[in-house]
Ligand SMILES: [Zn+2]
């Protein structure tokens, strides 16, 4: 089954990476050993100038030196050996600056000095400018290959060297880079700031921020640190800044090593396309992730802040201290940081149930990985742009597999392996194989061999478990959706078994490394049931047969833990995709889980219902589906209450917004609709009086039936918003109106309103929630394709075929025709289009096969 909501939204949250560069590698005959960069930056202007001095070592005789420069105006180039200039000519092509010398350069140490000028970028990549309240700021986002857009450099991760920044800025501007300031001089309206030499860094980890920023101190950390914001926002950093010390502490304990850099600043940027970026000493964040009101902070804001801060801080060791040699291992960098982000969030904020949310994400990833188009997450030589195109799969499959292997070899052994790897490779570069080797050394099992079956093969295993006398028979094959033919594969799978036998529960983990295996358990009596995915920790699908599934579902909360119940639900959806479970059985099972005592299990039911809606609910079934939602979810809201109860479980508070959204927007439940009206009135009066997660839902419910007047009111509120969450809430709501004329206005506003490049899809993402809105958005995007694509961050271009995603074959075919033209293609378009096509065809086939049963089930209620 499909989850088509994943797309444009999800990209905003992925912490990393940009693209579309030339991936030609520079080779290793010439290597930089130090680079000084001097820039004069006034972000109220269009351009800037600079100069760079690079110490170079020529290891083998060469006729030319090559380094990266993209779109930069070079005014002079000088190369010297011991102070003696060497004659050369220079040229730029394909992002590469080539310096041809005569005579041939002998091995030795040279100095290269380049003067240049450039325009600030305006699409949130490279060194770019933006405005907040009419005032100019400049920020950077270099990963993976956009440092070359800012200044000439050796822009590959393997060139990990010390840098030194000197920045001339206006007196009134603050400047932040990776290291502390060491000297300052003033001249007229300008000041020149010299920063300390960095530890060895790859270019993608450099950061610069310039503008009239404010800051507050990060309390309780072992090095100096501040949170920087644009003017007027620093008070909103109070809450998140207090989260840093406990997170850093937990990481230092895990890694058994002190934080490796001299300072730790955070920079909150309004115009920023990734979630965050781990630059040592100067971590950048999308402002909404760390800026929120202390008085009304929501459970989701805390969960997200903790997860992202932990992820970025984990990179300080895994990624920064030890850096991948080439982009083929970016997935490991990110998978590990994200896995760690989950681990720390679960440790410090268990009440946010972050792990259950992540399990649902991983379920969505397995669904994508089951398509015929799926590819391995690690391939030797993968370029930065290729890596990025499968970014969601690579990160999340990677982290799920890491978690599964940690469970197999044990937490302590795993941690020892991580720390040995970091010590061995500190301040240098490493490959994934170095990591597996370190794990294999401590685990006494061949982790590398088993790991390779998940990393170098595409797809998801299907484990079948049969109860036999004295044990369980396990078999494996490749999981496939109904009617698709995939190549046969086997994996080495750590299978966690939880077995119920004569009133006892027995647990056992085995490595299923052949196509069939009998797991005998000594002294086991009659087996009552088996859950072949203990703790929901497996990156595999599983089946125990229809009758066993039907037997477990009704009493699941008695025998399965909450992770297992969430995993059970995701797996059930997959079995529906495979044709193993029928649409009616599936709907009935969802009903059984909807009364689960744990809010996040009900939330997982809603995720399945989301898929049901995308796949089966056409316009004519809207009413029946609304009734079904009311019937299924009303008991839950009665149990938890529309309004928060004093001292209630935080998981309830975290789940309530989602429940209200479904009851209010999909079910149009009257009580919830009235609640929304009252809440919007209070929120308009005083935004700090309402939990922003509830406010977001209330404005969406209110918007659905809203008129032109309300639309204008929300536009005004969006434009006047003085904090990032209110801005996001009102912007999204503009896409939530049902009236066709207002929907058209909302799309016009995307192009005419004060919308930032990273916000272009916020309104469309809401519109796409209904069939009619999706159709309108599709036509609008076809008509405005060039305007839209010249404004968004270029990194999003390969993903544009997602506009044809869903369950509609005709729309997918139109998309295919559109992207068959050379002018709409970039590197990666064809691959993305193939994924969309496979997904739509599977979805349409499922609708055809099971739609009748689902419809009959809904009509009968
Ligand atoms: Zn990351």
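Selection of first residues in region 326-345 that are free of Cβ contacts under 8 Å to residues at least 60 places away in the same chain and of second residues that are within 13 Å of the ligand (Cβ to nearest atom) and assigned to a helix (DSSP H, G or I), restricted to Cβ pairs under 6 Å at least 6 apart or on distinct chains, gives the following pairs, ordered by first then second residue: 341/307; 341/310; 341/311; 345/307; 345/310.
All conditions but one from (1) closer than 29 Å to residue 420 by Cβ; (2) within 16 Å of the ligand (Cβ to nearest atom); (3) surrounded by fewer than 24 Cβ atoms within 10 Å (Cβ to Cβ) apply to residue 346; the one that does not is (2). Name the residues in region 56-74 that are buried (at least 16 other Cβ atoms within 10 Å of the Cβ) and part of a strand (DSSP E or B), would you? Across region 56-74, the qualifying residues are 56, 58, 62, 64, 65, 66, 67, 68, 74.
Residue 331 falls short on exactly one of the conditions (1) away from the ligand (no atom under 13 Å from the Cβ); (2) part of a helix (DSSP H, G or I), and that condition is (1). Any residue that is free of Cβ contacts under 8 Å to residues at least 12 places away in the same chain and not in a loop (DSSP other than H, G, I, E, B) - is there at least one of those in region 268-281? No, region 268-281 contains no residue that is free of Cβ contacts under 8 Å to residues at least 12 places away in the same chain and not in a loop (DSSP other than H, G, I, E, B).
Among the residues of region 33-55, the ones that are surrounded by 21 or more Cβ atoms within 10 Å (Cβ to Cβ) and assigned to a strand (DSSP E or B) come to 7 in all.
Residue 731 - would you say it is within 25 Å of residue 777 (Cβ to Cβ) and in contact (Cβ under 8 Å) with a residue 24 or more places away in the chain? It is true that residue 731 is within 25 Å of residue 777 (Cβ to Cβ) and in contact (Cβ under 8 Å) with a residue 24 or more places away in the chain.
Apart from one condition, residue 581 fits all of (1) closer than 19 Å to residue 552 by Cα; (2) free of Cβ contacts under 8 Å to residues at least 40 places away in the same chain; (3) crowded, with 23+ Cβ neighbours inside 10 Å; the exception is (3).
Exactly one of (1) farther than 30 Å from residue 714 by Cβ; (2) assigned to a helix (DSSP H, G or I); (3) in contact (Cβ under 8 Å) with a residue 24 or more places away in the chain is unmet by residue 654. Its number? So residue 654 meets the others, but not (1).
Looking only at region 297-315, decide whether some residue is more than 17 Å from residue 241 (Cα to Cα), free of Cβ contacts under 8 Å to residues at least 24 places away in the same chain, buried (at least 23 other Cβ atoms within 10 Å of the Cβ) and within 13 Å of the ligand (Cβ to nearest atom). No, every residue in region 297-315 fails to be more than 17 Å from residue 241 (Cα to Cα), free of Cβ contacts under 8 Å to residues at least 24 places away in the same chain, buried (at least 23 other Cβ atoms within 10 Å of the Cβ) and within 13 Å of the ligand (Cβ to nearest atom). In this structure, residue 256 does satisfy being farther than 21 Å from residue 304 by Cα, in contact with a helix residue (DSSP H, G or I) (Cβ under 6 Å, 6 or more places away or on another chain) and either more than 16 Å from the ligand (Cβ to nearest atom) or free of Cβ contacts under 8 Å to residues at least 12 places away in the same chain (or both).
Is it the case, given these coordinates, that residue 281 is closer than 17 Å to residue 179 by Cβ, more than 13 Å from the ligand (Cβ to nearest atom) and modelled with pLDDT of 95 or more? Spelling it out, residue 281 is indeed closer than 17 Å to residue 179 by Cβ, more than 13 Å from the ligand (Cβ to nearest atom) and modelled with pLDDT of 95 or more.
Among the residues of region 246-267, the one identified as part of a loop (DSSP other than H, G, I, E, B) and closer than 22 Å to residue 302 by Cα is 264. With respect to the conditions (1) part of a loop (DSSP other than H, G, I, E, B); (2) away from the ligand (no atom under 16 Å from the Cβ); (3) in contact with a strand residue (DSSP E or B) (Cβ under 6 Å, 6 or more places away or on another chain), residue 228 falls short on a single one, namely (1).
Need a quick list: strands (runs of 3 or more DSSP E) entirely within region 472-558 having at least 2 residues that are farther than 21 Å from residue 445 by Cα. Don't jump to the end; show me each part of the working.
On the way: elements: 493-501, 504-512, 516-520, 527-531, 541-543.
Correct list: 493-501, 504-512, 527-531, 541-543.
Of 609, 590, 663, 576, all but one fail to be in a helix (DSSP H, G or I), farther than 27 Å from residue 849 by Cα and either under 30 Å from the mean Cα position of the chain (by Cα) or modelled with pLDDT of 95 or more (or both); the exception is 663. Which residue, of 393, 371, 356, is closer than 26 Å to residue 575 by Cβ, assigned to a loop (DSSP other than H, G, I, E, B), modelled with pLDDT under 95 and away from the ligand (no atom under 14 Å from the Cβ)? Matching residue, one of 393, 371, 356: 371.
I need the full set of residues from region 408-442 which are surrounded by fewer than 17 Cβ atoms within 10 Å (Cβ to Cβ) and not in a helix (DSSP H, G or I), in order please. Listed by number, the residues that qualify are 410, 426, 427, 428, 431.
Would you be able to say whether some residue in region 183-202 is under 16 Å from residue 427 (Cα atoms), outside any strand (DSSP E or B) and in contact with a helix residue (DSSP H, G or I) (Cβ under 6 Å, 6 or more places away or on another chain)? I'd like the intermediate steps shown before the answer.
So the first thing to find is which residues in region 183-202 are under 16 Å from residue 427 (Cα atoms), and the list is 197-202.
Then drop every residue that is not outside any strand (DSSP E or B), which leaves 197-200, 202.
Subset that is in contact with a helix residue (DSSP H, G or I) (Cβ under 6 Å, 6 or more places away or on another chain): none.
Checking region 183-202: not a single residue is under 16 Å from residue 427 (Cα atoms), outside any strand (DSSP E or B) and in contact with a helix residue (DSSP H, G or I) (Cβ under 6 Å, 6 or more places away or on another chain).
Of the numbered criteria (1) part of a helix (DSSP H, G or I); (2) farther than 28 Å from residue 568 by Cβ; (3) within 16 Å of the ligand (Cβ to nearest atom), the one residue 320 fails is (1).
The values are calculated or read from the model by the stated rules, or taken from the named source; none is laboratory data. Bear in mind the structure is a predicted one, so any value in this text is a computation, not a measurement. For neighbour counting, all protein chains shown are included, and Cβ atoms are generated from backbone atoms with ideal geometry for every residue, glycine included.
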